[in-house]
């Protein structure tokens with residue numbers, strides 16, 4: 001391949017003739033110039049300006065490769081989060097209502113147990129009389145629970161207890177109000193305002 005004298009030569013090359021030959025073997029690291037062997041260790045063109053341009057090109061490409069979310073991707077994320085929330089929130093709410101209802105069931109069982117202990121000791125169930133209400137008697141002497149259960153239920157005797165019968169009822173209040181009431185009588189019969197609340 002012929003070259004003209006206006007091109008740059010490798011370091012240390014000598015111009016012997018007006019026309020000279022310079023070849024680089026394919027895949028090799030050495031070049032021959034008019035019969036002399038040169039080791040190619042640096043680019044033929046070593047210009048600081050070109051080097052800066054190449055580095056700027058690499059920087060620009062690197063910056064372009066780093067990007068944020070597109071609008072469609074952001075909308076997809078919002079949609080997925082909305083679907084998960086629509087599933088999770090009702091499930092969590094139902095779980096919390098069941099947990100509070102369980103507290104009310106436990107309280108009613110304790111009331112019945114307290115009445116049975118009173119009858120075993122006194123011969124009859126606690127009643128409202130001049131000595132106090134049945135609720136107060138059972139709480140003070142038999143360890144019956146407070147009338148407010150976990151701030152979501154209140155219990156009381158639905159009708160004044162007699163010496164042989166009683167019905168204790170826990171009524172949901174506040175955010176639990178939609179759960180209705182639960183009740184238990186002296187025989188252990190369990191009822192509720194809505195079906196199967198004792199089973200859930």
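Laboratory data are not the source of any read-out in this text; all were calculated from the coordinates shown. Here the structure is a predicted model, which means the values were calculated and not measured. So basically every Cβ, Gly included, is an ideal-geometry build from the backbone, and we count neighbours across all protein chains shown.
Structural remarks
- Per-residue Cβ neighbour rank within 10 angstrom, fewest leading, 52, 139: 52, 139
- Length gained when the stretch residue 75-residue 156 is fully extended (0.36 nm per residue, less Cα-Cα span): 23.9 nm
- Normalised contact order of the range 102-192, rounded percent, pairs of Cα under 8 Å and 6 or more residues apart: 26 percent
- Values of log10 I(q)/I(0), in the order q = 0.17 Å⁻¹, for the range 102-192 under a Debye, Cα-only, solvent-free model: -0.64
- Normalising by residue count, the range 139-190 has a Cα convex hull of 86 Å³ per residue.
- Full extension of the chain between residue 85 and residue 136 yields a length gain of 13.9 nm, computed as 0.36 nm times the residue separation minus the alpha carbon distance.
- Take the Cβ atoms of residue 92 and residue 177, set R0 to 22 Å, and the FRET efficiency comes out at 0.75.
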